[in-house]
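Taking it in order: structure first as structure tokens, then the write-up.
The values are calculated or read from the model by the stated rules, or taken from the named source; none is laboratory data. Since this is a predicted model, take the numbers as computed values, not measurements. Reconstructed Cβ throughout: ideal geometry from the backbone, glycine too, with neighbour counts over all protein chains shown. Quick note on the areas: whole protein, heavy atoms, side chains included, nothing else; ligands and nucleic acids left out. Shrake-Rupley method; radii C 1.70, N 1.55, O 1.52, S 1.80 Å.
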Amino acid sequence: MRVPVSWLRDYVAMDMSLTELATKLSIASAEIEGIETRGVADEGGNLGLFRIGKVVEAIKHPNADRLQLTKVDLGEAEPRSIVCGAWNFGVGATVAVALPGATLPARPGLPDGLTLERRKVRGEISDGMILAEDEIGLGADHEGIMVFPEIEPGTPLADVVPLSDKVLLVEATGNRPDLQSIYGVAREIAAIYDLDLAEAPGQFPVGTPGGPVKIQVDDYERCSRYVGTIVQGVTIGHAPLIMKARLLGAGMRPISNVVDITNYVMLTLGSPLHAFDLATLSGGGINVRRAGDGEKLTTLDGVERALTADDLVIADDARAVALAGIMGGAETEVSADTHTILLEAANFESHGVFRSSERHRLRSEASSRFEKGVDPQLADQAARWATELIVEFAGGTWTSWNDVHAGLPGRPFVEFRPERSDAVIGVETPADEQFRILGKLGFEQRGEGVVVPSWRARDVTREIDVVEEIARFRLEEVPFTLPQRREMFGVLTREQQLRRRLEDALVGLGFAETYTPSLRPDDETTWKLPEPISVDLTALRTTILPSLVEAVARNIDAGAKNIALFEVARVYLSGDGDLPTERVRVAGIVEGGFSRAKGVAETIYAALKAEPEFARGEHRLLHPGKAATTGAGIVGELHPRELDGEWGAFELDLEDLFAASREPITYTDVITYPAVRQDIAVVVAEDVAAGDIVAAARAAAGAELREIRVFDVYRGEQLGEGKKSVAFSVAYQADDRTLNDEDATRLRDAIVNALATEFSAELRA
Amino acid sequence: MTDTPDWNAYEAEAAAAAQSAASSDELEEARVRFLGRKSDIALGLREVRDRETGMLLNGVRTRLEETFDTRAARLADDELDRRLREEIVDVTLPGDELPLGHLHPITQIRRMVEDAFLGLGYEVRDDREVETVEYNFDKLAFLPTHSARSPRDTFFFDPNHVLRTETSPSQIHIMEEKEPPLYMVSIGRVYRRDAITATRYPIFHQFEGLAVDRGLTLADLKGTLLHVMRALYGPERKVRFRTHYFPFTEPSIEPDVSCGICGGSGCRTCKYSGWIEMGGAGMVDPTVLANVGLDPEEWSGFAFGCGLERTAQLRHDIPDIRALWEGDLRVLRQF
Ligand SMILES: [Zn+2]
């Protein structure tokens, strides 16, 4: 909410700096998002250049038919010549004048404001400017220059009109509808600084008339209270300058005295009002009811709206005349010809207003207040004060009053222990100080607790809510302590440690980690959003690789070299229960083919102290002949249709990887009895897999075979068609003795014999 | 017996040859000539018959060997010096290009957060991202009318399942799993229906802390956040609290950290306030404790949440959050 500071001063006398005030309010009440200037800038003596003047001479400009040439007495030795384009005044008029050097408020196209100069207009000196309302931010119209009653020439204009003001931008949280009002903000300031708060206007009946207003409420759930008053014989015109200036400061456009008064009272107290032209209401009364499905209403903004049975409307005998709590109707609005008004101050239920407001995509100052919940106790106060102001500024007679409701809520009592505040906040606040703060906020101490003010009754219902009222006034004094822990210590779990090791291993291999969205346009999953915000973010992914393919493609387009990307993220698989099974995976893509990818996978396993078990596999993104499973996922060469060139890819499940990890490692003594190393080469048929040869060798040689790795595969004419030579290095080792040549021969023979039996392998070397 | 050579002249000639050798190769040539198997002195020694001649020749040979060794050492030194003088490289040329990868900035911050909390004795966890309405809202005391329950703000799969909107359901999960005292930080992805802009992305990361123990206070929360903010942003930072509203904490606050760009005097980054909003926090609402069967008179707690992307943006001055999601190596390789 935009809060003009001069308005606050009606209720609380302040002398602190606005910057300090903004900080204190931000900490204790609601965030102050900024401080703006309304009207004329009060800097560098600018304000003093705006004065009251008396027109002592006014003739037509000799060289321009549409201009007046005037002499204006500004209390100086000589009157000043000023050229003016307006004709709504003449000799003797008291007017507002800006002198050369004065800077006017910013306006569209002139963000820094126009700075006046003494200059010639069509050959005649103009030594200042006679002002219209809109030129100094006091109104919206440019109907002519302002004419005042008799005032001493030379009087500073700022003494006569609200020439300049500051505006606080208050961003209240959803639990504080009371801060959607000037008076509510003033109450907070009075509490923070322990200042006196003026009585709220309109609280006490002043000659309330007895004449009835025809009001029928059909739905008390949606409209808990409806206060109506009637004022006869009003004259529609302008609101007072100060009211218009403040409305402009609060971000509302002045319209007419009656409408401006309803807005002014709403902004002051926080309870919205609406004025109908009584003559336009068929039957002369009000019916609060649900709309019929398809019923039509043209709102003040000129839009015809089709209503539903969930919309609450204000109706007359014939039709809906307002969308309750949101906006009035165009046919019953106050116009220049209005003589009698029916003023509404009602209380509408928040969710209903919210639903209608959403359905019709229509927000207003009123609906934004009702959505958060308006104190029902305010309606009669707002109605009374607005009626008084209308009688004062628009004339007429207050003839009728009615207050319809089905019982108003009482003020809740909440048990409260001041020592509980200290225990929660961690800083001591004397009990009498706590009750002083609460008193300033409208809470009444009673017995073992407090009675909550009506404007906080929705939010404060428990002791802890009262504690918060104390806490927010003590936030700056809260010290910095740490919990006195006795039973906790912090350590990463085995899985969290291994995850870091995995990430670090990939970084060591030159991979850059990336993050891609968990939602995809195209995944084959049952977990799809029925209402996505974009087609790209629709389905929870079941695999990470497609996102990485896209990231790699973007990098290729950007001309990147040595591309290697990985991501650790979740996939969301169909589960047994009603939730998906979420698994964390590591996926990567790297320049190079199958061998590169497999090398990366082997290094990942080695870093995690785990053994992969490779077997032929398949994946829709991988080359069908170059894909393997590892026991924890897949590794292979990217399918050629995915990206140009050869790319290695892998996607492995972290839980499976970590389950295979031998961490923590048990030490093996490989120093005392050194290993014996050999190379063996055998010739086998082309279709024998290297992995099968290794497995057979391991089985044949037993525990003394400690290492075996294929290092060469050779094909040549001398081997014959369909044959290949597979060379591998082995290391034999025992725990209790150094193996000798006989042992080595025995183990080698066992391996060679087994390979001969299983694969008809012939020893080559 | 042939003519006896003049061994003094021989020694003088050999010594002169050694001294005049300009390289190791020349010296080796001279050594073969004067001391080799077929040299005069080798032949002479083979034919020695008398002790006197033997002593003479051995003396000549020993002295010449010393001369040659000395000269050889000198030449080797000279040649090494020359080589070292010649072997000068342009040290400003680049070295071999070795692979070096990069952790994503979010991961780096995630680890900093984890380490800061491990130091405070917290456990680290993460929970499911697809949540039930019960855990994402109900048990966290969101009012039935809270706007976050609307499909306008939250991704719903069906009326009972959402993508979690914050890491706060972890509070409920851990309180249901374990008895207090509890100290945990939960870090992971969360989802909101925000349009994609420079500062918002519908998927982002949060860390969420929870402490439940006897006698915890708002002051403990303040001290904890000060520690963490200093771990993330540096030891000079200050922390303040502002009142706020969240469904599952009471009192609720927003912590601010002092602006690192201006040091608190006000600048564009901190909107001239000297402070930067860091997230949300507060004392665990008694309703939440009661929802998991804890007695709010005995147990108290505090909780806080903070965005990792926002932390990364502030820490690294990244103007557009989308850069963190696009996998562009030009971005990733900076970190
Ligand atoms: Zn700053």
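All of A:PRO521, A:PRO530 fail the test of being under 29 Å from the mean Cα position of the chain (by Cα) and either at pLDDT 95 or above or facing chain B (nearest Cβ under 8 Å) (or both), apart from A:PRO530. Against the test of being assigned by TED's automatic domain parsing to the domain that holds A:LEU622, at pLDDT 95 or above, under 23 Å from B:THR132 (Cβ atoms) and within 33 Å of the chain's Cα centre (by Cα), the options A:TYR572, A:TYR515 yield a single qualifying residue, A:TYR572. The residues on offer are B:LEU45, B:LEU35, B:LEU27, and the sole one that is over 30 Å from B:ASP78 (Cα atoms) and touching a residue at least 12 places away in the same chain (Cβ under 8 Å) is B:LEU45. Inside segment A:310-319, residues that are surrounded by fewer than 24 Cβ atoms within 10 Å (Cβ to Cβ) and either over 20 Å from A:ASN347 (Cα atoms) or touching a Gly at 6+ places or on another chain (Cβ under 7 Å) (or both) make up a count of 4.
When every residue of segment A:622-637 is checked against the conditions, at least one turns out to be within 22 Å of B:LEU329 (Cα to Cα) and either surrounded by fewer than 20 Cβ atoms within 10 Å (Cβ to Cβ) or more than 36 Å from the chain's Cα centre (by Cα) (or both). Taking the criterion of being within 9 Å of another protein chain (Cβ to nearest Cβ), under 28 Å from the mean Cα position of the chain (by Cα) and not small (Gly, Ala, Ser), the residues of segment B:186-209 that qualify are B:ARG189, B:TYR201, B:ILE203, B:HIS205. Within segment B:48-73, the set of residues being touching a helix residue (DSSP H, G or I) at 6+ places or on another chain (Cβ under 9 Å) and not in a helix (DSSP H, G or I) comprises B:VAL48 only. The set of residues in segment A:407-417 being open to solvent by less than 70 Å² (accessible area, probe 1.4 Å) and touching a residue at least 40 places away in the same chain (Cβ under 8 Å) consists of A:LEU408, A:PRO412, A:VAL414, A:PHE416. Looking across segment B:253-273, just one residue is surrounded by fewer than 24 Cβ atoms within 10 Å (Cβ to Cβ) and more than 16 Å from the ligand (Cβ to nearest atom), and that is B:GLU254.
Of all residues in segment A:446-467, those that are open to solvent by less than 10 Å² (accessible area, probe 1.4 Å) and either part of a helix (DSSP H, G or I) or within 14 Å of chain B (Cβ to nearest Cβ) (or both) total 5.
Could you please let me know if B:ILE321 is within 16 Å of the ligand (Cβ to nearest atom) and touching a helix residue (DSSP H, G or I) at 6+ places or on another chain (Cβ under 7 Å)? If you could, list the steps in order and put the result at the bottom.
Details: within 16 Å of the ligand (Cβ to nearest atom): no; touching a helix residue (DSSP H, G or I) at 6+ places or on another chain (Cβ under 7 Å): yes.
For B:ILE321, the condition - within 16 Å of the ligand (Cβ to nearest atom) and touching a helix residue (DSSP H, G or I) at 6+ places or on another chain (Cβ under 7 Å) - is not met.
Within segment B:274-290, restricting attention to residues that are more than 16 Å from the ligand (Cβ to nearest atom) and of a type outside the set (A, V, I, L, M, F, W, C), the residue that is surrounded by the most Cβ atoms within 10 Å (Cβ to Cβ) is B:GLY282. Can you confirm whether B:GLY293 is out of contact with any Asp or Glu (no Cβ under 7 Å at 6 or more places or on another chain), more than 16 Å from the ligand (Cβ to nearest atom), open to solvent by 10 Å² or more (accessible area, probe 1.4 Å) and closer than 30 Å to B:GLU179 by Cβ? Yes. Checking each residue in segment A:561-596 for being touching a helix residue (DSSP H, G or I) at 6+ places or on another chain (Cβ under 7 Å) and not in a strand (DSSP E or B) picks out only A:ILE563. So which of B:TYR135, B:TYR183 ends up being in contact with a Phe, Trp or Tyr (Cβ under 7 Å, 6 or more places away or on another chain) and surrounded by 20 or more Cβ atoms within 10 Å (Cβ to Cβ)? Being in contact with a Phe, Trp or Tyr (Cβ under 7 Å, 6 or more places away or on another chain) and surrounded by 20 or more Cβ atoms within 10 Å (Cβ to Cβ) holds for just one of B:TYR135, B:TYR183, which is B:TYR183. Reported count of residues in segment A:557-578, each being within 10 Å of chain B (Cβ to nearest Cβ) and open to solvent by less than 80 Å² (accessible area, probe 1.4 Å), is 13.
Only one entry of B:PHE241, B:PHE248 meets the criterion of being among the aromatic types (Phe, Trp, Tyr), more than 14 Å from the ligand (Cβ to nearest atom) and open to solvent by less than 10 Å² (accessible area, probe 1.4 Å), and that entry is B:PHE241.
Looking only at residues in segment A:427-445 that are touching a residue at least 40 places away in the same chain (Cβ under 8 Å), within 14 Å of chain B (Cβ to nearest Cβ) and outside any helix (DSSP H, G or I), the one that is most open to solvent (accessible area, probe 1.4 Å) is A:VAL427. From the list A:ALA539, A:ALA505, A:ALA553, the one residue that fits, being more than 8 Å from chain B (Cβ to nearest Cβ), under 24 Å from B:ASP158 (Cα atoms) and of a type in the set (Gly, Ala, Ser), is A:ALA539. Counting only residues that are of a type in the set (A, V, I, L, M) and within 20 Å of A:ASP692 (Cβ to Cβ), segment A:604-633 holds 3 of them.
Going through segment A:511-540 one residue at a time, which ones are in contact (Cβ under 8 Å) with a residue 40 or more places away in the chain and buried (at least 17 other Cβ atoms within 10 Å of the Cβ)? Can you show your working first?
Narrowing segment A:511-540 to residues in contact (Cβ under 8 Å) with a residue 40 or more places away in the chain: A:511-516, A:518, A:525-527, A:540.
Scanning segment A:511-540 gives A:PHE511, A:ALA512, A:GLU513, A:THR514, A:TYR515, A:THR516, A:SER518, A:THR525, A:TRP527, A:LEU540.
Inspect segment A:367-387 for any residue being crowded, with 24+ Cβ neighbours inside 10 Å, on the phi > 0 side of the Ramachandran plot and modelled with pLDDT of 95 or more and give the result as yes or no. Taking every residue of segment A:367-387 in turn, none turns out to be crowded, with 24+ Cβ neighbours inside 10 Å, on the phi > 0 side of the Ramachandran plot and modelled with pLDDT of 95 or more.
The residues of segment A:599-652 that are in contact with a Pro (Cβ under 8 Å, 6 or more places away or on another chain), under 29 Å from A:ARG494 (Cβ atoms) and not β-branched (Val, Ile, Thr), listed by number, are A:ALA601, A:GLU602, A:TYR605, A:GLY631, A:ALA632. Do we have any residue at all in segment B:228-235 that's of a type outside the set (A, V, I, L, M), within 20 Å of A:ILE425 (Cβ to Cβ), open to solvent by less than 50 Å² (accessible area, probe 1.4 Å) and within 16 Å of the ligand (Cβ to nearest atom)? No, there is no match, as no residue in segment B:228-235 is of a type outside the set (A, V, I, L, M), within 20 Å of A:ILE425 (Cβ to Cβ), open to solvent by less than 50 Å² (accessible area, probe 1.4 Å) and within 16 Å of the ligand (Cβ to nearest atom). Residues in segment A:1-53 that are in contact (Cβ under 8 Å) with a residue 60 or more places away in the chain, polar (S, T, N, Q) and over 18 Å from A:GLY137 (Cα atoms): A:SER29 alone.
For segment B:86-101, which residues satisfy the criterion of being outside any helix (DSSP H, G or I) and among the charged types (D, E, K, R)?
Filtering segment B:86-101 down to residues outside any helix (DSSP H, G or I) leaves B:87-101.
Answer for segment B:86-101, where residues must be outside any helix (DSSP H, G or I) and among the charged types (D, E, K, R): B:GLU87, B:ASP90, B:ASP96, B:GLU97.
Looking across segment A:638-658, the residues that are surrounded by fewer than 24 Cβ atoms within 10 Å (Cβ to Cβ) and more than 19 Å from A:VAL568 (Cβ to Cβ) come down to A:HIS639, A:PRO640, A:ARG641, A:GLU642, A:LEU643, A:ASP644, A:GLY645, A:GLU646.
Out of A:VAL185, A:VAL161, A:VAL167, one residue alone is open to solvent by less than 20 Å² (accessible area, probe 1.4 Å) and assigned to a loop (DSSP other than H, G, I, E, B). It is A:VAL161.
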